[in-house]
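Note sheet for the following structure.
The values are calculated or read from the model by the stated rules, or taken from the named source; none is laboratory data. These numbers were taken from a predicted model, which means no experiment stands behind them. Counting neighbours? That spans all protein chains shown, and the Cβs are built from the backbone with ideal geometry, glycine included.
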Amino acid sequence: MSAQSRHVALPLKYRPMTFADVVGQEPVVRTLRHAIEAGRVANAYLFVGPRGIGKTTLSRIFAKALNCMSPNGSEPCGECANCREIATGRSLDVVELDAASHNKVEDVKPIIESVQFRPTSSRYKIFIVDECHMLSNAAWNAMLKTLEEPPPHVRFVFATTEGDKVLATIVSRCQRFDLRRIQTHDIVARLRHVCVQEGIDAEEDALLAIARGAEGGMRDALSSLDQLVAFRGDKVTEADALGVFGLVSRSALEGLAGAILRGDVASILQSIEMFESAGKNMRRLSGELLQHFRNLVVLQALGPSSPSLAATPDQIRALSEQAKGVDPNRVFRVCDQLVEMEDKLRYVLSARTLIEMSLIRASRIAATATIEELMRVVRDMKSGRKVAAPPAPAPATPVPKVSPEPPAVSIAELSAPASARSPEPAPAPKVAAVPKPAPASAAPEPPIPPPADAADILNDPKFNDILGSFPGATVVNIR
Ligand SMILES: [Zn+2]
């Protein structure tokens, strides 16, 4: 189907018609279905959540399920007269009130008066009040009595974006459900389904960009897809979608994250310069970068198949690649720095400068060895295990036996400070030589005592020499 012959807007056409169609609100849907199946439907429901995530849609499906003449379990059939009338907003027994524009006592009076009449052709008379937080206090008060003791054939469904503004006396008479923002990968999956149905040829990353731009709202995502198709025809590219939202491409975002992890300051500054001159939304960039690192933390802790990972399969592949060989503690510390940046961004005029400075700091944190890491390396060296990191000027080769000619900073010396230990006979384990072969010395090696604990190593005057031999090993205070 081409863009020209499609007349129905995508958000309307792909509006969920049954509970099974609803994306990303499983807990709420499960509870509502259960209430219908068990015949324990409350008098009033309150749906709270950001715009475009399906509050009104869910209200209508619920109304259909209650009044359907031949329901399939808890699902409305979608075919009977009642279902069709509700779907098109023509049902006499399902009254919708938009409180954003009708918030006065006069507006709710017809509702209150009609409550006493039985439904014409259905089981229930259902009142759906959208943006109910806009109702005036007088309007609420007029409704309170009815809400307290509604006739058995009456049900209320309130929907609002601002649950905190609804009077406590009202909330306490409703079953409240908080609907959540829809996960990006759920939106991508739905968009892909729509594209297949509509014959739209969209790049996977274009769908991701649309979903990212919609920030958890399915309606916004479908509207954006609609706009892009109207603008570009049936071929949707990532570049088009990014342009609409001022977003940075997935690969550029992953590249920037990589530069931070490598401590590559030049790359970071170049990327930010590029994003700024391309008119990208810097505050969104900050949020998405944080999301990326949050995903890295989740991936390292729970693995790539964790449901907590808010990412598409392509993103998960890239994340897995990036997570390889990076210490989770470092990723976590970068995350910490980015959270701080997010917080400060609210108060600054120049987002760019703050982002530059914060990312440079994050990259330093990412590239700096911690005491714990150094200690681990030193302990490994002492126990004779091969030390994998950090890279050394010369490859470390195991010494076949303890040589009478010690290296410049020998493990034996490190673990045997002259002040603390008296030489005592001990079996000499094989040790890995520290890089930098040493000038020969004639002094005989003292016997190697058992491995020391962390305190011994820290107290050792030679410890700082070891630290100095690490490339890039600046010791910083970790918050
Ligand atoms: Zn039906």
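Restricting VAL41, VAL23 to those that are out of contact with any strand residue (DSSP E or B) (no Cβ under 8 Å at 6 or more places or on another chain), in contact (Cβ under 8 Å) with a residue 60 or more places away in the chain and away from the ligand (no atom under 16 Å from the Cβ) reduces the list to VAL23. For the range 294-311, the set of residues classified as surrounded by 12 or more Cβ atoms within 10 Å (Cβ to Cβ) and of a type outside the set (Gly, Ala, Ser) consists of ARG294, ASN295, LEU296, VAL297, VAL298, LEU299, GLN300, LEU302, PRO304, LEU309, listed by residue number.
In the set (1) more than 24 Å from LYS125 (Cα to Cα); (2) without any contact (Cβ under 8 Å) to a residue 12 or more places away in the chain; (3) outside the structural domain of ALA239 (by TED's automatic domain parsing), LYS165 fails one condition alone, (2).
Under the condition of being more than 16 Å from the ligand (Cβ to nearest atom) and among the β-branched types (Val, Ile, Thr), which residue from the range 74-119 is surrounded by the most Cβ atoms within 10 Å (Cβ to Cβ)? Within the range 74-119, the match that is surrounded by the most Cβ atoms within 10 Å (Cβ to Cβ) is VAL108. Looking across the range 64-73 at every residue that is within 11 Å of the ligand (Cβ to nearest atom) and among the small types (Gly, Ala, Ser), the one that is nearest to the chain's Cα centre (by Cα) is identified as ALA65.
GLY39 passes every criterion in (1) surrounded by fewer than 19 Cβ atoms within 10 Å (Cβ to Cβ); (2) farther than 26 Å from MET134 by Cα; (3) not assigned by TED's automatic domain parsing to the domain that holds ARG155 apart from (3).
Here the helices (runs of 4 or more DSSP H) wholly within the range 223-280 that include at least 2 residues being closer than 28 Å to THR353 by Cα and either modelled with pLDDT under 90 or basic (Lys, Arg) (or both) are 238-245, 250-262. Taking the range 161-181 as the range and being of a type in the set (Val, Ile, Thr) and touching a Lys or Arg at 6+ places or on another chain (Cβ under 8 Å) as the test, only THR161 passes.
Of the strands (runs of 3 or more DSSP E) lying entirely inside the range 28-133, those containing at least 2 residues that are closer than 19 Å to HIS153 by Cα and β-branched (Val, Ile, Thr) span 94-98, 125-130.
Is it fair to say PRO50 is within 34 Å of the chain's Cα centre (by Cα) and crowded, with 21+ Cβ neighbours inside 10 Å? Judged against the criteria, PRO50 is not a match.
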